[in-house]
Amino acid sequence: MTTPAIETILTEDRRYPPSEGFAAQANAQPAIYDEDFETFWEREGRERISWFEPFTQLYEWKPPYAKWFLGGKTNVAYNCVDRHVEAGLGDKVAFHWEGEPVDERREITFADLQRETTKLANALKALGVRKGTAVGIYMGMVPETPIAMLACARIGAPHTVVFGGFSADSLSDRLRDMECEVLITQDEAWRRGTTVPLKRTADEAVAASPSVKSVVVLRRTGNEVPMQDGRDHWWDDIAMDKTACPCEPMDAEDLLYLLYTSGTTAKPKGIVHTTAGYLTGVATTHHYIFDVKPDSVYWCAADVGWVTGHSYIVYGPLANGTTGVLYEGTPDFPDKDRWWEIVERYKVDILYTAPTAIRAHMKWGTEHAEKHDLSSLRLLGSVGEPINPEAWEWYRRHIGGGRTPVVDTWWQTETGMILITPLPGVTTTKPGSATKPFPGVDAAVYDEQGNEVGPGSGGYLVLRRPWPAMLRGIHKADDRYRETYWSKYDDVYFAGDGARIDRDGDFWLLGRVDDVMNVSGHRISTIEVESALVDHPSVAEAAVCGRTDAQTGQAIVAYVTLKGSEEASVEKLEELRNHVARKIGPIAKPANIVFTPELPKTRSGKIMRRLLRDVAEERTLGDTTTLADPAVVEEIRDRAASEKTEE
Ligand code: WTA
């Protein structure tokens, strides 16, 4: 583990206080910070969501496990769909869906959601799905993805959504770990004008996942895909029964979903999220942080396959009865102004995206945004990685017209909900800072020994009090849960991020401090990529690290030692990159591979990743005295440098 370096350019002198106009109408008012933590969550829990049976105890904290809203019974799909229809909002649009092909658009109302989730829930029941049966979802950005998630929640079947860019191996690892009995997928997805063969990949994954008995296939592109008799069913053929399907009363702590995320080993962790605390957490944060109004058109441009999509495309916004935008494709298809065309068409007032996307738009130039009327925008959000002040300023000025608040929101798959963030209308923001803990959240920065560090010094971000949407563990891995988050400091959650607090008490996030890379806002473990590389028959050894990249935040660099008889070549390099894409998914493809006859190791044989990181960052080398053979690093450095000149 490395001590986080303070590399963020300090911009404490640049401040944006809230405008009076925004402050006056904001959902969050300054007094929100004065409220006692228990009063706050007690009220949000009772009022933000609807209960079949009220809870009798706010929370129970037996470190490292928390329970929230004990004794309460509710249902997530009821909260996200049915209660809005019952309140007369059936005709309200839940999603403006925009397909990647320019002429495909659909409006999905809350009544549509109710009808479609009911039909799919009935079909799942007919396939034997009951409360507690695990279901996998491997789909793209189509309305049927939230419908599938909600259909599961309706009948109490926990789901795991697997991002459509993951490989067959990654999918089957997850299906096996959760013991999914049904997989919901689609024939193909659209991406940048070409098709992604989801069903074909799903077939390969299911062949290696003995628990899966049925596959439900949505027709999206309509191209022919193989269907296995008895196992595979077209969605349209089985989701026919409109008979009411009551929302299963769920215990507050019943499992809602698992979402797998990269940790510091090769095996992804199944992060456990349960029902009532999660829903209250995401709905409450969504309400205050995004200042959502009844007539808002809110667009979170993440993929449903990541936690941002779960919490802030599906569960939070729908619980609040919000109209959202769901866009299937890439930002530059068919042209680089696609996003701005969408903002203009639907009069989006709230946009939430990742720094990587903002930097891509910056690179493409302001002319694309200038072609469109973006005056409907009222608020901008950022998530997934530290945002550099330059991108923050660009976003506010060129997308927000210099008038919108920008909320830089820090959180994780594990936290379920946003934990460090400005509250628009209340917080004075600073480009590059996620500012303050959300009301009731007790965040701090600790040094190696567990002392709280004062303003200015870097350290490790910790959370000292439970929050409603926090993870309830790692699926089937209690030891790993304790070890990863709760062993560095007693009864305090270790986030794995470096941070610094300034004189005003504002938090500055400094990136990961463990072996997790953050590439375009996607978490990828160095060890996962290393295992994929050594799985290739030509590779003897591999070491992987992230280096800073102006576009993607971090880029993956691999150092590879080939087996004796193998020759390094450009073809071999491409072969290995593609091998990683096949094993994990294209997002994990190394940006560069440096072939080297040896890797730097300590005398006890441990690869010194720190040195490889220094080489990748072109930094002066750190301490090399413990190396078995110091000449090795020099050689690697020369090779890395000569490849640079060849580029
Ligand atoms: C990073 C995404 C700085 C951080 C919601 C965290 C951020 C990891 C921010 C979680 C932010 C997320 N500023 N860093 N605003 N938001 N991160 O699980 O390193 O995909 O630990 O959840 O992303 O990534 P995950």
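The values are calculated or read from the model by the stated rules, or taken from the named source; none is laboratory data. Note that the coordinates shown come from a computational prediction; the quantities given were computed from them, not determined experimentally. Cβ coordinates were reconstructed from backbone atoms using ideal geometry, including for glycine residues, and neighbour counts include every protein chain displayed. To get the accessible areas, we keep the full protein, side chains included, count just its heavy atoms, and leave off ligands, DNA and RNA. Shrake-Rupley method; radii C 1.70, N 1.55, O 1.52, S 1.80 Å.
Annotations for the structure displayed:
- Hey, Ile387 in contact with an Asp or Glu (Cβ under 6 Å, 6 or more places away or on another chain) and either surrounded by fewer than 19 Cβ atoms within 10 Å (Cβ to Cβ) or in contact (Cβ under 8 Å) with a residue 24 or more places away in the chain (or both) or not: yes
- Apart from one condition, Ser376 fits all of (1) among the hydroxyl-bearing types (Ser, Thr, Tyr); (2) open to solvent by 10 Å² or more (accessible area, probe 1.4 Å); (3) under 30 Å from Ala31 (Cβ atoms); (4) within 16 Å of the ligand (Cβ to nearest atom); the exception is (4).
- Yes/no for Asp497 being open to solvent by 10 Å² or more (accessible area, probe 1.4 Å), within 15 Å of the ligand (Cβ to nearest atom) and over 29 Å from Tyr59 (Cα atoms): no
- Conditions (1) within 12 Å of the ligand (Cβ to nearest atom); (2) over 19 Å from Lys267 (Cα atoms); (3) among the hydrophobic types (A, V, I, L, M, F, W, C); (4) assigned to a strand (DSSP E or B): number failed by Val462: (1)
- Identity of the residue in segment 470-487, in contact with an Asp or Glu (Cβ under 9 Å, 6 or more places away or on another chain), in a loop (DSSP other than H, G, I, E, B) and not aliphatic (A, V, I, L, M), that ends up surrounded by the fewest Cβ atoms within 10 Å (Cβ to Cβ): Lys476
- Residue that is assigned to a loop (DSSP other than H, G, I, E, B) and within 16 Å of the ligand (Cβ to nearest atom), where the choices are Trp467, Trp508: Trp467
- Of all residues making up segment 532-581, the number that are assigned to a strand (DSSP E or B) and open to solvent by less than 60 Å² (accessible area, probe 1.4 Å): 20
- Criterion applied to Thr195, Thr145 was being in a helix (DSSP H, G or I), among the hydroxyl-bearing types (Ser, Thr, Tyr) and modelled with pLDDT of 95 or more, and the one residue passing it is Thr145.
- Subset tally (residues that are away from the ligand (no atom under 16 Å from the Cβ) and either touching a residue at least 40 places away in the same chain (Cβ under 8 Å) or of a type in the set (Asp, Glu) (or both)) for segment 520-540: 8
Okay, residues lined up against (1) in contact (Cβ under 8 Å) with a residue 40 or more places away in the chain; (2) on the phi > 0 side of the Ramachandran plot; (3) crowded, with 21+ Cβ neighbours inside 10 Å:
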{"position": "Gly381", "(1), (2), (3)": "yes, no, yes"}
{"position": "Ala434", "(1), (2), (3)": "yes, no, yes"}
{"position": "Asn451", "(1), (2), (3)": "no, no, no"}
{"position": "Gly456", "(1), (2), (3)": "yes, yes, no"}
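- Listed by position, the helices (runs of 4 or more DSSP H) enclosed by segment 272-349 that each have at least 1 residues that are modelled with pLDDT of 95 or more and within 16 Å of the ligand (Cβ to nearest atom) are 276-289, 316-319.
- Checklist (1) within 20 Å of the chain's Cα centre (by Cα); (2) open to solvent by 20 Å² or more (accessible area, probe 1.4 Å) applied to Arg174, failing item: (2)
- Residues satisfying the stated conditions in segment 419-430, i.e. within 12 Å of the ligand (Cβ to nearest atom) and in a loop (DSSP other than H, G, I, E, B): Leu419, Thr421, Pro422
- Any pair with Cβ under 9 angstrom, 6 or more apart, that starts in segment 602-623 at a residue that is more than 22 Å from Ala591 (Cβ to Cβ) and ends at one that is outside any helix (DSSP H, G or I) and among the aliphatic types (A, V, I, L, M): Thr602/Met608; Thr602/Leu627; Thr602/Ala628; Arg603/Leu627; Arg603/Ala628; Ser604/Ala628; Gly605/Ala628; Gly622/Met608
- The residues listed here are Asp103, Asp112, Asp91, Asp169; of these, the one that is within 27 Å of Thr261 (Cα to Cα), among the acidic types (Asp, Glu) and surrounded by fewer than 24 Cβ atoms within 10 Å (Cβ to Cβ) is Asp169.
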